[in-house]
1. Multiply the residue separation of ASP70 and THR290 by 0.36 nm, subtract the distance between their alpha-carbon atoms, and state the gained length in nm to one decimal.
2. Find how much the distance from GLU227 to ASP91 grows on full extension, using 0.36 nm per residue of separation minus their present alpha carbon separation; answer in nm with one decimal.
3. Any chance you could check the Cα centroid distance between segment 96-111 and segment 342-404 for me, in angstrom?
4. Could you tell me which of rounded, prolate or oblate describes segment 64-129, using a ≥ b ≥ c as the square roots of the eigenvalues of the alpha-carbon gyration tensor, with rounded for a/c under 1.5 and, failing that, prolate when a/b is larger than b/c and oblate otherwise?
5. If r is the Cβ-Cβ distance from ARG162 to THR113 and R0 is 60 Å, what FRET efficiency results, to the nearest 0.05?
6. Pick out, in residue order, every one of the trypsin sites (Lys or Arg not before Pro) in segment 148-196 that is DSSP loop and has at most 11 other C-beta atoms within 10 Å; say none if there are none.
7. What is the set of long-range amide H partners of ASP81 at a cut-off below 5 Å, with H atoms built 1.01 Å from backbone N?
8. What percent does the relative contact order of segment 65-190 come to when contacts are Cα pairs within less than 8 Å and at least six residues apart?
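Every number here is computed from the coordinates shown, using simple stated rules; none is lab data. Since the structure is predicted, the reported quantities are computational estimates derived from the model, not experimental observations. With ideal geometry, Cβ positions are generated from the backbone for all residues, glycine too; neighbour counts draw on all protein chains shown.
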Amino acid sequence: MKTRGLILGTLMAGACAVGTAFAQDRVDASVKGSLLVYSKVEIKWNRTVDGAYVVAQDTFLDISNDNVDDTDVQFYFVNGDAPTDAVFVGDPPVEVERAHEGWNWVDCQTTLTGDQPAYMSMLTGAASFPTPGFPNVGDPMCQPFTILDPGFPPGRPDPERRGGRILRGFVYVWAVGSDGNSVNAQRHWNHLAGDAILVNYALAKAAEYNAYAFQAVGDGDDGIAPETGDFIGAAGALLLNGQQYVQGFDKLLVDFYATGSFALSGALPVVVDTDFTLHPVSADLRQDTTGPVTTKAKYDIWNQNEVRFSGTEKCITCWDQTLASSYPAPNHLLRANLQTDKGKARIDGLGSTQCPLSRDASMLGITIKELVFIIQGKGEATSRFASSAITMTGQGSENATILYDLVDAARVNTDSAAAVPAAPVKAGGRLGRQGASSGQ
């Protein structure tokens, strides 16, 4: 892999990509494309008895270029959680939780050589994890995901684990090139593919899912199908409208085991819960952003007896990750309410007065089945854990748009010629709810 010796926007150099041999009409997780979306990145820490923090989980991104030629790719790492203020208690007040960046992002650009597979740790940005006795091999592909919320203790409180810490969000990556005006204009390269592996060291388990792939299908002008390497539309705007890139889904479809079900039990009792990760496809990643997209995830749910349930809903701004057991009432993801072990859900992103500033939105999503195996011994029962991830499929088609800032080619060439030392990497911006830019 070749990396550029320059900072793009507010970022360092970065990673890789995927493609396909025939055109699709909408997003797909089983083909190659020119734009990839990794819907779930999650890093976790546990606190030790002496007050230190150790990594409990990392996420590794895999990406490959299935073409004999090189291509540049542009990454955007997005913090999925909202910004928060510091928390103080007592008199005089004592800070018990630091303030946190939220809905912010960083970007980086790198080159994938022909037929190159690559991977990187979200914790380090490098291609391996620094384990005692095993040296960290290879230079970083991008800045670490942790740059989105720096400080101590790492991450923010994990809402699902008492005492745990977490940093989470999602990643976009698409093929780019120099069109003479900018070095990161989007282009046709349906040869990028990828997946993500969430490795939990504390529980000795892992889960893997395929990245969503959006193929480039036209330049939006003359209706002629572009060739590999052609630029797509106006630089700085990825139009997922079926004319330039394929569309997103109108609704997400998911098949699930009801939380509280013992349907997967056999030689051992097995308890099931499901982690739902959802986010709108559209994003404004410019410094002068219009803010994050808010939508209402409306669930229509059917049980095994074909009985339909409604009323399960959740407001989603930018990104959301919630266990089925933690959804607000009426929660028909629960076995007690669904009344059967298995269910099916159709999830629609809608504008609603129940979710301020919301609008209709195409969404993407990942589900992870969290399994707990109960082992009865001579003493107390013990537990073992496993996870199974899948990228959600969908129904129908809906437009989406991704906006981003361009890097001027002339300025980059001047900076490179002058061999100016690289500036510190900083967060690229914040998706402020009211649309205000908040570059760091």
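1. Numbers: separation 220, 0.36 × 220 = 79.20 nm, distance 3.38 nm.
Contour length minus the Cα-Cα distance gives 75.8 nm.
2. Values: separation 136, 0.36 × 136 = 48.96 nm, distance 6.65 nm.
Extending this stretch completely gives an extra 42.3 nm.
3. With segment 96-111 and segment 342-404 each reduced to a Cα centre, they are spaced 23 Å.
4. Working: a/c = 5.93, a/b = 3.30, b/c = 1.80.
Taking the square roots of the gyration eigenvalues as a ≥ b ≥ c, segment 64-129 is prolate.
5. On the way: r = 46 Å, r/R0 = 0.76.
According to the calculation, E is roughly 0.85.
6. Values: sites: ARG161, ARG162, ARG165, ARG168, ARG187; in loops: ARG161, ARG162.
Here the sparse-neighbourhood loop sites are ARG162.
7. TRP103, ARG168
8. Details: 231 pairs, mean separation 35.5, N = 126.
That works out to 28 percent.
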